[in-house]
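Colleague: Here you go, one structure.
The values are calculated or read from the model by the stated rules, or taken from the named source; none is laboratory data. Everything numeric here is computed off the predicted structure, so don't read it as measured data. Every residue, glycine among them, receives a Cβ derived from its backbone with ideal geometry; neighbour counts consider all protein chains shown. Side chains included, ligands, DNA and RNA excluded: accessible areas come from the protein's heavy atoms. Shrake-Rupley method; radii C 1.70, N 1.55, O 1.52, S 1.80 Å.
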Amino acid sequence: MKILDANGQPDLRKTARRGRAARRSVVPDIKSPRARKIPAYTLLNENALKAIEDQADWILQNIGVEFCSDKTALDLFAAAGATVVGEKVTFEPGLARQLCATAPAKFELHARDPANTVLLGGDKVVLMPGYGSPFVSDLEKGRRYATLTDFENFVKLSYSTPWLHHSGGTVCEPTDVPVNKRHLDMVLAHLTLSSKPFMGGVTSLERAQDGIDMARLVFGAAFMEDHAVMQGNINVNSPLIFDDTMSGALRVYAAANQCVCVSPSIFAGAMGPLSPAAVAAQTLAEGMVGIALAQLVRPGCPVVFGSFHSTMNLKSGALAFGSPEANLVTMALSQLGRRLGVPVRSGGGQISASNAPDGQAMQDSTGAMWATLLSGAHQVWHAAGWLEGGLVMSYEKFIMDLDHCGAMMTLLQGFETDEEAFGRDAYHETGPGQNFLSTQHTLRHFATANFQPDIPEAGPYETWVENGSHTADQRATARWKRMLDDYKAPPMAEGIYKALTDFVATRKAAMPDAWY
């Protein structure tokens, strides 16, 4: 129904209010990790991909990978046909890839709310917030060590936005909690303040097991035997070393049939040679070895082939993010992961070396995110909040990044070319030189036609000045505060909540505080 204003002209605002609810039910759901419609970009041809895979095999045969103080891992590789000398493992060409063959090409990561369950692999895209920052910042309190309150805030913000599909892991380090106990509070926050998928602790075998035991209280041990509900981030100590903490945590997650994310971390020129080709090959070599270990522990264990890579300013040694060389590696690794037959975690995301949520931050982040999403990566870490090369989670940048996540997810949907999309009826309502604002086609679609960012727009210059000349980051401050004010925790059965809090209290009481 067309609603007219006092002058007999279509009233777009009233029409929108009346029709918006009905239209929402037929609008494509682009806010959840559904299938991308734009195909992944293929940077490299077959010869180039084969050359990188051959180089990865050369590294594994001639240089090898060390597993420090992990006899169990060494014994598993030896039994599988690898050569073990001391703590070094080498592989004949093709063996590491062969050992990865039992890993699934795609799998569901189940959430506490089934509506938030995501599929990793195929043509799906799953976004999650930043990971691992010891500091946080906002425009009012400045840069400071992160606390448990900050951690909980970012879990709430990640839960509240439709543009992040995953709660993350160590979104920021709660430095006011003892090191040996903070994993309990982090997993508790993910399980109670959100109902999206999450990551558990990996900084010791016991901490990894604690997170799995807590998840079993929520999902049930029997369910988790056959279903992944959480992930563990296994960082390779690049170049070519797995320390016993990481390989041990990997084995704990794999034994429990929970998702193992293997993430080599290579800064070109520091942890590996300078060239994009060398970084891609070394990342593939290290990643295959980690995935192989997970499959030796439990064939069929769900895995993600991850990476974290960047270039360096070779004059100062400072890390650079969003650089063209790093973005090329991002695109190459997605191709290599698809050929390996496992889901891919991008080494990009909205990452930046900037010290503030400024133009440089958004330029770095936009460059990296474009390459990430066009590459065909299945899971994107650091999609929101990242500053200072990962040292800081910024409240304002988190909100600015969310708007860009929404824009990029919208872009990945492409556009329709059906009869309704062409709007032929609108031409019959107007004529040459007339506008289309009042046509039925516009009224049917204007409320949902274009992506709308959540940061309030500034308006024309004069209005912007009258309102205080607030820049985008300043307007983002009001947005994150409002999101926290409006936050409502997802429901949880009282008995499960009590079991979780009792578990945390018991585990904390069983050990003295340790701050290192």
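Colleague: For the range 417-463, take N as its residue count and report Rg(C-alpha) divided by 2.2 N^0.38 Å.
Modeller: 1.52
Colleague: Out of MET393, PHE422, GLN379, whose Cα points farthest toward the positive end of the dipole of the range 377-444 (charges: +1 Lys, Arg; -1 Asp, Glu; placed on Cβ)?
Modeller: MET393
Colleague: Structure shown: which of LYS181/LYS488; LYS156/LYS481; LYS37/LYS124 lie over 20 Å apart, alpha-carbon to alpha-carbon?
Modeller: Correct reply: LYS181/LYS488.
Colleague: Just name one of VAL118, ASN233, PHE77: the one whose Cα is farthest towards the positive end of the charge dipole of the chain (beta-carbon charges, Lys/Arg +1, Asp/Glu -1).
Modeller: VAL118
Colleague: Can I ask one more? Taking semi-axes √(5λ) of the Cα gyration tensor in Å straight from the coordinates, which label in (i) 33, 27, 22; (ii) 36, 28, 22; (iii) 41, 27, 23 is the correct one?
Modeller: Label (iii) holds the value from this structure.
Colleague: Also: Taking amide H positions as placed 1.01 Å from N in the peptide plane, with prolines and chain starts having none, which residues 5 or more places from ALA103, or on another chain, fall under 5 Å of its amide H?
Modeller: Those lying under 5 Å, H to H, from ALA103 are GLY300.
Colleague: Counting only DSSP beta bridges with both residues in the chain, what percent are antiparallel, rounded to the nearest 5?
Modeller: Bridges in the chain that DSSP calls antiparallel: roughly 40 percent.
Colleague: Would you mind working out the magnitude of the charge dipole of the chain relative to its Cα centre, with +1 at each Lys and Arg C-beta and -1 at each Asp and Glu C-beta, to the nearest 20 Debye?
Modeller: Taking the Cα centre of the chain as origin, the dipole is about 920 debye.
Colleague: Percent relative contact order of the chain, based on C-alpha pairs within less than 8 angstrom and at least six residues apart?
Modeller: Across the chain, relative contact order equals 18 percent.
Colleague: What Kirkwood Rh does the range 117-176 have if only Cα atoms enter the pairwise 1/r average? Answer in Å.
Modeller: 12.5 Å
Colleague: Report the local net charge at LEU296: Lys and Arg +1, Asp and Glu -1, summed over other residues whose C-beta lies under 10 Å from its C-beta.
Modeller: So the surrounding residues net to +1.
Colleague: With θ set to phi - 60°, apply the Karplus curve 6.51 cos²θ - 1.76 cosθ + 1.60 along the range 479-492 and write out the HN-Hα couplings as whole Hz, x wherever there is a Gly or Pro.
Modeller: Per residue, the Karplus-derived 3J(HN,Hα) values read 5, 5, 5, 5, 4, 5, 5, 8, 4, 10, 5, x, x, 9 Hz.
Colleague: Also: Measure off, as a whole percent, the carbon and sulfur share of the 1.4 Å-probe accessible area of the chain, all protein chains present. Mind showing how you got there, number by number?
Modeller: Numbers: 12260 of 22260 Å².
C and S atoms contribute 55 percent here.
Colleague: Along the range 199-210, what does the Karplus equation 6.51 cos²θ - 1.76 cosθ + 1.60 (θ = phi - 60°) give for ³J(HN,Hα), rounded to whole Hz, x for Gly and Pro?
Modeller: Working through the residues one at a time gives 10, x, x, 9, 7, 6, 4, 5, 5, 4, 5, 4 Hz.
Colleague: Whole-Hz ³J(HN,Hα) for each residue in the range 249-259, computed from phi via Karplus 6.51 cos²θ - 1.76 cosθ + 1.60 with θ = phi - 60°, x for glycine and proline: what do you get?
Modeller: Result, rounded to whole Hz: 4, 4, 5, 5, 5, 5, 4, 8, 6, 9, 5.
Colleague: Moving to a separate point now. Rounded to whole Å, give me the distance from the Cα center of the range 134-176 to that of the range 466-516.
Modeller: 8 Å
Colleague: Considering only protein heavy atoms, what per residue accessible area in square angstrom results for the range 145-297 with a 1.4 angstrom probe?
Modeller: 24 Å²
Colleague: Okay, moving on. Greater than 25 Å separation of Cα atoms is the criterion. Which listed pairs, LYS397/LYS508; LYS141/LYS508; LYS141/LYS498; LYS88/LYS508; LYS106/LYS196, meet it? Intermediate values should be presented prior to the final figure.
Modeller: Working: LYS397/LYS508 34 Å; LYS141/LYS508 31 Å; LYS141/LYS498 34 Å; LYS88/LYS508 37 Å; LYS106/LYS196 18 Å.
With Cα atoms farther than 25 Å apart: LYS397/LYS508; LYS141/LYS508; LYS141/LYS498; LYS88/LYS508.
Colleague: Now, a different point. Would you mind estimating how fast the range 224-374 diffuses translationally, via Stokes-Einstein at 37 °C and 0.692 mPa s with the Kirkwood radius over Cα pairs, in µm²/s? Could you put the intermediate results ahead of the total?
Modeller: Values: Rh = 15.8 Å.
In µm²/s, the coefficient rounds to 208.
Colleague: Specify the inter-centroid distance of the range 366-407 and the range 277-354, based on alpha-carbon positions, in whole Å.
Modeller: 16 Å
Colleague: Using alpha carbons only, what's the Rg to Rh ratio of the range 441-505 with Rh from Kirkwood?
Modeller: Checking Rg against Rh, the ratio lands at 1.27.
Colleague: Could you order the peptides 275-281, 489-495 from most to least packed, using the average number of other C-beta atoms within 10 Å per residue? Don't jump to the answer; show the numbers that get you there.
Modeller: Numbers: 275-281: 22.3, 489-495: 11.1.
Packing order, densest peptide first, comes out as 275-281, 489-495.
Colleague: Additional query: Determine, for each peptide in 245-253, 340-348, the mean count of other beta carbons within 10 angstrom over its residues, then list the peptides with the highest first. Show your work: numbers first, answer last.
Modeller: Details: 245-253: 24.6, 340-348: 27.1.
Packing proxy ranking, top to bottom: 340-348, 245-253.
Colleague: Another question, then. Debye sum, Cα scatterers, the range 358-496, no solvent: what log₁₀ I/I(0) at q = 0.10, 0.17, 0.18 1/Å?
Modeller: The calculated log intensity ratios at q = 0.10, 0.17, 0.18 Å⁻¹ are -0.56, -1.09, -1.13.
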